[in-house]
Amino acid sequence: MAYTLGIDIGTYETKGVLVDTNGVIHAQAARGHKMLVPQPGWAEHRPEEDWWGDFVYVAKALLADSGVDPSEIKAVACSAIGPCMLPVDEDGAPLMNGVLYGVDGRAEAEVRELTDRIGEDRIIARCGNALTSQSVGPKILWLKRHRPDLFARTAHILTSTSFLVQRLTGEVVIDHYTAANFSPLYDVATQTWIDDLADNIVPLDKLPRLLWSNEVAGTITPAAAAETGLAVGTPVTAGTIDAAAEAFSVGVDQPGDMMMMYGSTIFIILRAQTQVSDPRIWYAPWLFEGEHALMAGLATSGTLTHWFRDQLAPDLDPATAFPMLAEEAATSPPGANGLLMLPYFSGERTPIHDVNAKGAIFGLNLTHTRGDMYRALIEGIAHGTRHVTDTFAQLGQSPARLLAVGGGTKNALWLQATSDITGIDQIVCEKTTGASYGDAFMAALAVGLVERADINQWNPVQQTITAHPTDTYDRAHALFRRLYEQTKDIAADLGAL
C-alpha cells in the first residue's frame, strides 16, 4: 500500500499523520513546545529544537507506531507557522531564533519607515498588501540594522517551512503563498522577487527559490534519512504555511469557501475569484498557480485562553481545565452578565493592525464569577472575529460557506458565540486533524496519487451549526468597537511607559 506523511509545526505543538491514499489515518503523533517571548512584542521559536527537533521526533514516532516500511511512504509534505524570518549561514545553520509571524512586532519602526518612503498605495499596488507586523521585509531590515554581525554571515533568509525542506532535501525553496508575505520584496503580478521598491533590505539571491505548494522541491537526503528514519529519495513538496494546509484539509478549494481556524490565533482564509487588495487584510496567490486567497488573523485567541487558564485558573488540572472553564462559562448568559473584553493582549493584527492595542475587561463588579470572565473572553474573541468578517463583507467578499477547524471547535460555546456574533453559519468537517492532514493530501497530490477533488472523500462534511445574531450581541458589538476607538490613545500611552 502507498502512504504519504504530513507534519505541521504549530505555535505550541507539532502534529503529524501517516495516511493512505484513501485518506485513512494509520498513525498520529504530536509533540509540544513553547513560544518564546524574550521581551514584550517579540515572539520566537528555536529552529533546531522546536522545528527540526519536533519534525524528527514526530517522523520517528509515526514510523514506529504504524510499522510501515519507509519505502512505502511515497511523498512527504510539511507546513509550519508563518511567515517567519530566520537567517541561516552557508551550511544552513540558524544564526538566531526564528522570528515569528504577525504576533512579533519588533519591526514596527521599519514598517513605518518603509511605508513612508515607498508609499502605502504603491506597496499595495505591487505587493498586494500593506506593510504590517505580518510582513517579513521589515523584519529583515530590522535584522540588518540591529544584528549586523549576523546579517553579514547570512547566506539565506528562510521561513519555518523553508528551513524544514532545506533540512530534508538540501534545497532552499519557498512557496508563493508564503512569499507574498515578504512585502515589499514580492510582486504579486509577476510572482517574482523584486528589490526596486526598497533596494537596501537584502540581496535577492539570499531569498529562497519560488515554487507552488504542489510542486516537489527535492528528495530526502542520506543525512536527513539517518536522522528521521525516512527513506532516501522520498519526494518532498515545497510546503506552505500551516493555516493554508489546514484550509485545504477541510475542502477550502472553490471561490467563496472560507476557513476559520480556531487555534493559537483566529486565522481566516477565503478562496477569492480574483485579487483583492486592501490595507486591512492580506492577499496572496493560493497554493496553485492562477488562484487567489484573502487572509485575516487576530493576534490572540487560543493563546488568550491559555493565559486565562494559567493566571486565573491555577487550581484546575491543566489537562482538563478548558472543558471545566467552558462549563463555568456556560452558566453565564450571553453578554456575560455585562462584561466585555477587548482581546488585544498582544496588540492586534487585522483589520486594525495596531501593535499598541491593549487588552481590557470592562464592567467588572463583585457579583461576577470566573465563568462570566471566561465567557467575556470567548465573546471578546468573537467580536474581534466579527470585525474581520464585517471587513470582508465591505469588500464584497462574504463567504459562500464557512468551514471551522482547529482545537477551538471542540468548545461548543465558542462556536455558537462566534456564529451568533458574526451571523454566519459554520460547517465542521468529519476530520479536524488539522494542517498535517492537509500536508499528507498535498504530498499525495504532488506525486499523482490523488486528484484535487478527492479531498471531499478524504474529509466529508459532518454537520452545519446555524445561529443568528441577537439584539444583545448587536449592542455589545457596537460597544466593543466604541471602546476600542476610545482606548486607542490610552493604549499608545501605556505602551510608551
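Observations on the model:
- ILE381 being of a type in the set (A, V, I, L, M, F, W, C), in contact with a strand residue (DSSP E or B) (Cβ under 8 Å, 6 or more places away or on another chain) and either modelled with pLDDT of 90 or more or under 25 Å from GLU246 (Cα atoms) (or both): yes
- ASP420 at pLDDT 90 or above and charged (D, E, K, R): no
- Residues of the range 194-239 that turn out to be modelled with pLDDT under 95 and within 23 Å of GLU291 (Cα to Cα), as a count: 1
- Search result, residues across the range 54-85 that are surrounded by fewer than 24 Cβ atoms within 10 Å (Cβ to Cβ) and among the small types (Gly, Ala, Ser): ALA61, ALA64, SER66, GLY67, SER71
- Residues satisfying the stated conditions in the range 393-417, i.e. touching a Ser or Thr at 6+ places or on another chain (Cβ under 6 Å) and either assigned to a strand (DSSP E or B) or crowded, with 24+ Cβ neighbours inside 10 Å (or both): VAL405
- None of SER332, SER346 is under 21 Å from the mean Cα position of the chain (by Cα) and of a type in the set (Gly, Ala, Ser) except SER346.
- Beta carbons closer than 8 Å, at least 6 apart along the sequence or on distinct chains, pair a first residue in the range 310-321 that is over 13 Å from LEU377 (Cβ atoms) with a second that is among the basic types (Lys, Arg) and surrounded by 10 or more Cβ atoms within 10 Å (Cβ to Cβ) for LEU316/ARG309; PRO318/ARG309; ALA321/ARG309.
- Matching residues in the range 109-148 - criterion: being under 20 Å from the mean Cα position of the chain (by Cα) and open to solvent by 20 Å² or more (accessible area, probe 1.4 Å): SER133
- Condition check for PRO47: under 22 Å from LEU143 (Cα atoms) and at pLDDT 95 or above: yes
- Inside the range 277-324, residues that are assigned to a helix (DSSP H, G or I) and acidic (Asp, Glu) make up a count of 1.
- Filtering the range 171-186 to residues that are outside any strand (DSSP E or B) and under 19 Å from the mean Cα position of the chain (by Cα) leaves HIS176, TYR177, THR178, ALA179, ALA180, ASN181, PHE182, SER183.
- The one condition in (1) part of a strand (DSSP E or B); (2) surrounded by fewer than 21 Cβ atoms within 10 Å (Cβ to Cβ) that PRO38 fails to fulfil: (1)
- Close pairs from the range 61-82: first touching a residue at least 24 places away in the same chain (Cβ under 8 Å) and more than 20 Å from THR14 (Cα to Cα), partner open to solvent by 40 Å² or more (accessible area, probe 1.4 Å) and not hydroxyl-bearing (Ser, Thr, Tyr), Cβ under 7 Å, at least 6 apart: VAL68/HIS26; GLU72/MET1; LYS74/VAL447; LYS74/LEU449
- Residue among GLY448, GLY438 that alone is surrounded by fewer than 21 Cβ atoms within 10 Å (Cβ to Cβ), modelled with pLDDT of 90 or more and among the small types (Gly, Ala, Ser): GLY448
- The set of residues in the range 265-293 being open to solvent by less than 30 Å² (accessible area, probe 1.4 Å) and hydroxyl-bearing (Ser, Thr, Tyr) consists of THR265, TYR283.
- Residues in the range 198-229 that are open to solvent by less than 20 Å² (accessible area, probe 1.4 Å) and within 27 Å of the chain's Cα centre (by Cα): ALA198, ILE201, VAL202, LEU207, PRO208, LEU211, SER213, ALA217, GLY218, ILE220, ALA224, THR228.
- Residue tally, condition surrounded by fewer than 22 Cβ atoms within 10 Å (Cβ to Cβ) and of a type outside the set (A, V, I, L, M), over the range 171-197: 8
- Tally of residues being surrounded by fewer than 17 Cβ atoms within 10 Å (Cβ to Cβ) and in contact with a helix residue (DSSP H, G or I) (Cβ under 9 Å, 6 or more places away or on another chain) across the range 317-327: 4
- Taking residues in the range 345-356 that are in a strand (DSSP E or B), and partners anywhere that are among the small types (Gly, Ala, Ser), the pairs with Cβ atoms closer than 7 Å and at least 6 places apart or on different chains are PHE345/GLY359; GLY347/GLY105; GLY347/ALA299; GLY347/ALA357; GLU348/ALA299; GLU348/ALA357; ASP354/GLY347.
- In the range 423-433, the residues that are assigned to a loop (DSSP other than H, G, I, E, B) and either at pLDDT 85 or above or among the aromatic types (Phe, Trp, Tyr) (or both): GLY423, ILE424, ASP425
- The numbered conditions (1) farther than 30 Å from ASP354 by Cβ; (2) surrounded by 15 or more Cβ atoms within 10 Å (Cβ to Cβ) are all true for GLY302 except (1).
- Residue in the range 163-170 that is of a type in the set (D, E, K, R), buried (at least 18 other Cβ atoms within 10 Å of the Cβ) and assigned to a loop (DSSP other than H, G, I, E, B) present: no
- Here is the figure for the range 419-458: residues that are at positive phi and within 21 Å of the chain's Cα centre (by Cα) total 1.
- Within the range 1-16, considering residues that are surrounded by fewer than 24 Cβ atoms within 10 Å (Cβ to Cβ) and polar (S, T, N, Q), the one nearest to THR237 (Cα to Cα): THR14
The values are calculated or read from the model by the stated rules, or taken from the named source; none is laboratory data. Keep in mind it's a predicted model, so treat the numbers as computed, not measured. A quick note on method: Cβ atoms are made from the backbone with ideal geometry, for glycine too, and the neighbour counts reach across all protein chains shown. Note: areas computed on protein heavy atoms with side chains; ligands, DNA, RNA excluded. Shrake-Rupley method; radii C 1.70, N 1.55, O 1.52, S 1.80 Å.
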